[in-house]
Every structure is written in structure tokens, then in C-alpha cells.
Amino acid sequence: MMKLKGIAWLMLLGILLLPGPAVPAQPDRKSSAEEKKLAEASGKVEEQRKQEAAKREAWKGNKPKEEEVPVPAGEFFMGCNEQVDAECNDDEKPGRRVYVKAFKIDKTEVTVAQYRQCVEAGACNGDGLTMPFWAGADNEEHPEWAWACNWGKAERESHPINCLTWEQARAYCAWVGKRLPTEAEWEKAARGTDGRKYPWGNQGYGVVGQVANIADETAKRNQPNWAVATGYDDGYYGTAPVGSFPAGASPYGALDMAGNVWQWTADWYDDDHKFRAERGGSWFNQPSFTRASTRYGDAPTLRGISTGFRCVQ
Ligand SMILES: [Ca+2]
Ligand SMILES: [Ca+2]
């Protein structure tokens, strides 16, 4: 009796000492889901960093090589030359002589194909390139003009990249080891030293043949209300492939310094540092805008259908 009782006690003790079934801790569902999400996001960021580093490595020494034209050091006439130009705006005055150090400028505007290489290398981003954004004006996207953005349109690989911010342009130039031109550099490259009105000289549109892609008779057929260069037909409503108008070359051989797309420059347009200066006019503009000394300013977050860029070094 005592023995059995002892065994029973031992059995009971055994049961008590046995590790009980693991009671699953009630998971905090919310926090574990968040943790998983966080882990995934940080994993993704890490993976993205690795991919970008690998791409940068792969592109080393294999970046786009834009054709460049040299511009020698020296003074040039900058701003409004009232002797040859009756269309100047106040922001171009007074005309003056400005010294610029020697530099090289891209012969053409940066193309969609070139910009894509920078995106593929992970050094540029493709944010917003297909959707115009009128920064500083109405601060809205303009889907009705999205057709005019060149990114992602197979037949426009050799057209200028447009619909991109000032920062996106800056990043590209930095990637290829260059920079955006100052306004003075841009203008000297566009008109040489003698204060001419246009890159090719002083003769206006319609007199010197096809020299630039601006708002012309072709544009008028698409936009009957536009002010255009009457009697001048360059054959393009939107942008043209870069370098399509060799007759409009500047004294140093730079192309499309008038028309096609405006080009972001390194300089602020205004003393308040709200707008970056753009130069050269575009397919969107009438002749009074597409002159060598025309200046324009836009908020750097603009993604304009008529704004692109080129680099200098
Ligand atoms: Ca045109
Ligand atoms: Ca241009």
C-alpha cells in the first residue's frame, strides 16, 4: 500500500517535473507584421544599393561620350546688342563684355538615349519624366502635354531628353564628369564674341533657311492660335532629333543653341534664388524668344516639355 502510494507520488512528481507542452506565446500580430514589413523594406533598400553599386561599377569608363566643341578663353559680348536686336527684354540689359575661361561644351543637347544610360547606371533617376509639371506656375501636372515628353517613346531616342528637373540635369552632368554651363558660358558658346543676335548671325528666321526648330508653320498647322515664325517651316511641331539643323551652328559649332529645347544652366535667374536660368528658346517659342541673348527662369522642380540641357567641362 505504502509502496504503491510511493510510486503514485513519484509518477505525480514526474508529471509535475516534465516540461509542459510549450504554450505558444500569443503573437502580437500587428507588430510582427510591421517588423516583417520593415525587414522587407530594409532588405529591399540594401538590395537596391547593391544593384546600384554593381551598375556603377559596370559603367565605369563606359559612360556616354557626347561630342564636344571647344570655346577658347576670352571676352565676348553678353546680353542685349541693341545695334542688331530690337527684341531684347529688360533682363538681357545692359549689353556688356564678359571674360570667360576656356571650356568645352556638348555639341548637342543631351538625348533620351544618353540620359537612359545614366538611369540604367543608377546615377540618374527617371522620376516624372513622362509627365510635365509646371512648377511655379500652377504647380500641376499636365497630362494633356504628356505626348511631348520624349522619355519612353521608342522613336525619340535621338531627341533631347525633356520633362526633367534642374536637379536631374545636374546629376547627369556630374555623372559624366561635367557640369551645367554658367549663363555666360552658354551664351558665349551660342553667339561667339561679336554680339550677334542668333548663333548663325543676324539674319532672322525665314531669311537664312532652316536653322532651328522653333514655333513655325508646322507648329501652326497643329496649334492654329500660336504665334509662330511666319513663312518659316522647320518641319517639326514638337522636338527634333538633336543636331538636325547644321545651318544654325554657332561660331564654335554648337548645334540647337537656338530652339529645340531650352537648356537649364547652373545659374539662378533671379536674386531671390527661386528660378534657375534657361537659355535658347524652344520648339514651343516664337522667334522673339529664340535668340542668343534671351533669358528665362523657372523653378528648378519644373518638368517642362520644352526644357532640356547640355553639359560643359
Ligand atoms: Ca518647329
Ligand atoms: Ca536648344
When Trp145 is evaluated against the numbered criteria (1) in contact with a strand residue (DSSP E or B) (Cβ under 7 Å, 6 or more places away or on another chain); (2) in a helix (DSSP H, G or I); (3) aromatic (Phe, Trp, Tyr), which criterion, by number, is the only one it fails?
(1)
From the list Ala212, Ala240, Ala254, which one is in contact with a strand residue (DSSP E or B) (Cβ under 7 Å, 6 or more places away or on another chain) and either within 12 Å of ligand 2 (Cβ to nearest atom) or not in a loop (DSSP other than H, G, I, E, B) (or both)?
Ala254
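For (1) at negative phi; (2) over 18 Å from the mean Cα position of the chain (by Cα), each residue gets a yes or a no:
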| residue | (1), (2) |
| --- | --- |
| Cys163 | no, no |
| Gln168 | yes, no |
| Pro181 | yes, no |
| Ala219 | yes, yes |
How many of the residues in region 185-209 are surrounded by 18 or more Cβ atoms within 10 Å (Cβ to Cβ) and not basic (Lys, Arg)?
11
Does Gly297 meet the test of being of a type outside the set (Val, Ile, Thr), surrounded by fewer than 23 Cβ atoms within 10 Å (Cβ to Cβ), without any contact (Cβ under 8 Å) to a residue 40 or more places away in the chain and not in a helix (DSSP H, G or I)?
yes
For region 118-126, check the following and say yes or no: at least one residue is within 13 Å of the chain's Cα centre (by Cα), away from ligand 1 (no atom under 16 Å from the Cβ), touching a residue at least 40 places away in the same chain (Cβ under 8 Å) and assigned to a helix (DSSP H, G or I).
yes
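Table: residues versus (1) under 22 Å from Thr294 (Cα atoms); (2) of a type outside the set (Phe, Trp, Tyr).
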{"site": "Trp59", "(1), (2)": "no, no"}
{"site": "Asn89", "(1), (2)": "yes, yes"}
{"site": "Glu92", "(1), (2)": "yes, yes"}
{"site": "Lys104", "(1), (2)": "yes, yes"}
{"site": "Arg116", "(1), (2)": "no, yes"}
{"site": "Glu120", "(1), (2)": "no, yes"}
{"site": "Asn125", "(1), (2)": "no, yes"}
Which residues, taken from region 137-157, are of a type in the set (S, T, N, Q) and surrounded by fewer than 17 Cβ atoms within 10 Å (Cβ to Cβ)?
Asn139
Sort out which residues of region 269-285 are away from ligand 1 (no atom under 16 Å from the Cβ) and either without any contact (Cβ under 8 Å) to a residue 24 or more places away in the chain or not in a strand (DSSP E or B) (or both), and write them in order of number.
Tyr269, Asp270, Asp271, Asp272, His273, Lys274, Phe275
Select from region 66-99 the residues that are in contact with a helix residue (DSSP H, G or I) (Cβ under 8 Å, 6 or more places away or on another chain) and more than 30 Å from Cys163 (Cβ to Cβ) and list them in ascending order.
Phe76, Phe77, Cys80, Val98
Criterion (modelled with pLDDT of 95 or more and either within 11 Å of ligand 2 (Cβ to nearest atom) or on the phi > 0 side of the Ramachandran plot (or both)) met by exactly one of Ser282, Ser288:
Ser282
In region 174-195, the residues that are within 16 Å of ligand 2 (Cβ to nearest atom) and out of contact with any helix residue (DSSP H, G or I) (no Cβ under 9 Å at 6 or more places or on another chain):
Glu183, Glu185, Trp186, Glu187, Lys188, Ala189, Ala190, Arg191
Can Asn260 be described as in a loop (DSSP other than H, G, I, E, B) and within 16 Å of ligand 2 (Cβ to nearest atom)?
yes
Do you know which residues across region 197-208 are at pLDDT 95 or above and out of contact with any Lys or Arg (no Cβ under 7 Å at 6 or more places or on another chain)?
Trp200, Gly201, Gln203, Gly204, Tyr205
Scan region 232-247 residue by residue and report those that are out of contact with any Asp or Glu (no Cβ under 7 Å at 6 or more places or on another chain), without any contact (Cβ under 8 Å) to a residue 60 or more places away in the chain and within 13 Å of ligand 1 (Cβ to nearest atom).
Gly235, Tyr236, Tyr237, Ser244
Take region 134-183 and flag every residue that is without any contact (Cβ under 8 Å) to a residue 12 or more places away in the chain and acidic (Asp, Glu).
Asp138, Glu140, Glu141, Glu144, Glu155
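The values are calculated or read from the model by the stated rules, or taken from the named source; none is laboratory data. Only a predicted model underlies this, so the values are computations on that prediction, with no experimental measurement involved. Cβ atoms come from the backbone with ideal geometry, glycine included; neighbour counts cover every protein chain shown.
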